[in-house]
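Undergrad: Before anything else, here's the structure in question.
Every read-out reported here was derived from the displayed coordinates using simple, explicitly stated rules and does not represent laboratory data. Given the structure is predicted, the values throughout are model-derived calculations rather than measurements. Reconstructed Cβ throughout: ideal geometry from the backbone, glycine too, with neighbour counts over all protein chains shown.
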Amino acid sequence: MNTLWIKQRLKIVGATQEQLAQAVGRDRAVISRILQGKQPLRLDWVDAFAKVLQISADELLRQSGLPTGGPGREHNPPRPRIIVGISGATGVIYGIRLLEILRDLGVETHLVISRPGVMTIAEETDFSVAEITARADRHYRIGDIAAPIASGSYRTMGMIVAPCSVRTMAEIATGATSNLLTRAADVVLKERRKLVLMVRETPLHTGHLRTMTQLSEMGAIIAPPMPAFYTRPASLADMVEHNLGRVLDLFDLEVPALQRWGE
Ligand SMILES: Cc1cc2nc3c(=O)[nH]c(=O)nc-3n(C[C@H](O)[C@H](O)[C@H](O)COP(=O)(O)O)c2cc1C
């Protein structure tokens, strides 16, 4: 994307990055990342950007090198989609923060929370369920097995269960799924898409370990939320951020602030 053109246009019309941020309801840091080429411009933000830059949306698409199209924006490719599952293991903050990061990366999120997940949210955080579902593009009831994500014909990049309880993990491993979260995970596996399970339990018995091996053999990625200390985390938030950044690496999604060894 030709971000230089957008920067020059900002100067010409005397507008600021702050105005772009306000137009799309995001922080200036997000705009800065887009203009540095570190993050793609969300296609549903094109109209708001075009207004600030005082040009048509098609002109913006043309000048910035994004594909243009006819009326009704048929040219817009669908945004990448990721399903986020929050189950009843401790560490629901992983799922909540994941939704926020994916939103900033322009990924469409589809959220499903198990009933014990709702309980752990209440135990561990001050968020209401509504505040969490508001962070997702779409959310579904745990019993809604007719939801789009229950079908392989609904295309997604895959699914992240954050955190993943042992019960949910075991159910996914058997294929005998009893709710939308595990059904969606089963679909992701059968379609050979990416399934990442942030399994949280300790200590683990041999049955847990065998189930993990079985899932890994089936194509799932077992990614327990284990902190890295080489980044010298100053807070729990730092640890959560690093863990999630490494999980999103698996989807080739770049979290700009991720501290990497050797860089
Ligand atoms: C506060 C709290 C923390 C829990 N932590 C864990 C955990 O870390 N790992 C786990 O496997 N289960 C944990 N559980 C138990 C699960 O919630 C329970 O097994 C539940 O049946 C899982 O259902 P789900 O997989 O449908 O979410 C926890 C329960 C509560 C209330």
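Undergrad: Could you give the length gained by full extension between Thr174 and Ala122, i.e. 0.36 nm per residue of separation minus their alpha carbon distance, to one decimal place? Intermediate values should be presented prior to the final figure.
TA: Values: separation 52, 0.36 × 52 = 18.72 nm, distance 2.91 nm.
Answer, rounded to one decimal: 15.8 nm.
Undergrad: Looking only at Thr231, Thr206, Thr120, which one moves most when the chain is put into a Gaussian network model with springs between Cα atoms under 10 Å?
TA: Thr206
Undergrad: Considering Cα pairs under 8 angstrom that are at least six residues apart, work out the relative contact order of the chain and quote it in whole percent. Walk me through the intermediate numbers first.
TA: Numbers: 409 pairs, mean separation 39.2, N = 263.
Over the chain, the number comes to 15 percent.
Undergrad: Going from the alpha-carbon gyration tensor of region 100-162, what semi-axes, largest first and in whole Å, does one get by taking the root of 5 times each eigenvalue?
TA: On the way: eigenvalues 87, 50, 17 Å².
Result for region 100-162: semi-axes of 21, 16, 9 Å.
Undergrad: Number of Lys-Lys pairs in the chain under 22 Å by Cα, sequence gap 8 or more or different chains?
TA: Working: Lys7/Lys38; Lys7/Lys51; Lys11/Lys38; Lys11/Lys51.
Pairs that pass both the separation and distance tests number 4.
Undergrad: May I pose another question? Build a GNM of the chain with springs between Cα atoms under 10 Å: which of Gly219, Gly175, Gly207 gets the top mean-square fluctuation?
TA: Ranking Gly219, Gly175, Gly207 by mean-square fluctuation puts Gly207 first.
Undergrad: Treating only the Cα positions of region 152-205 as identical point scatterers, give the base-10 log of I(q)/I(0) from the Debye formula at each q in 0.17, 0.20, 0.27, 0.29 Å⁻¹.
TA: Cα-only, vacuum Debye calculation for region 152-205: -0.49, -0.66, -1.10, -1.21.
Undergrad: What FRET efficiency do you get for Arg192 and Trp5 if R0 is 51 Å and r is their Cβ-Cβ distance, rounded to the nearest 0.05? Display every interim value, and only then the final one.
TA: Working: r = 39 Å, r/R0 = 0.76.
The value I calculate is 0.85.
Undergrad: What residue among Ala130, Ala220, Ala122 shows peak mean-square fluctuation when the chain is described by a Gaussian network model with Cα springs under 10 Å?
TA: It is Ala130.
Undergrad: Between Gln54 and Ala29, take the C-beta separation as r, use R0 = 41 Å, and let me know the FRET efficiency to the nearest 0.05. Mind showing how you got there, number by number?
TA: Working: r = 24 Å, r/R0 = 0.58.
Once the sixth-power term is evaluated, E becomes 0.95.
Undergrad: Find me the longest stretch of the chain that has none of the exposed chymotrypsin sites (Phe, Trp or Tyr not before Pro), where exposed means in a DSSP loop (not H, G, I, E or B) with at most 12 other Cβ atoms within 10 Å. Kindly include the intermediate steps, with their values, before the conclusion.
TA: Details: sites that count: Phe229, Tyr230, Trp261.
Within the chain, the longest run free of exposed chymotrypsin sites (Phe, Trp or Tyr not before Pro) spans 1-228.
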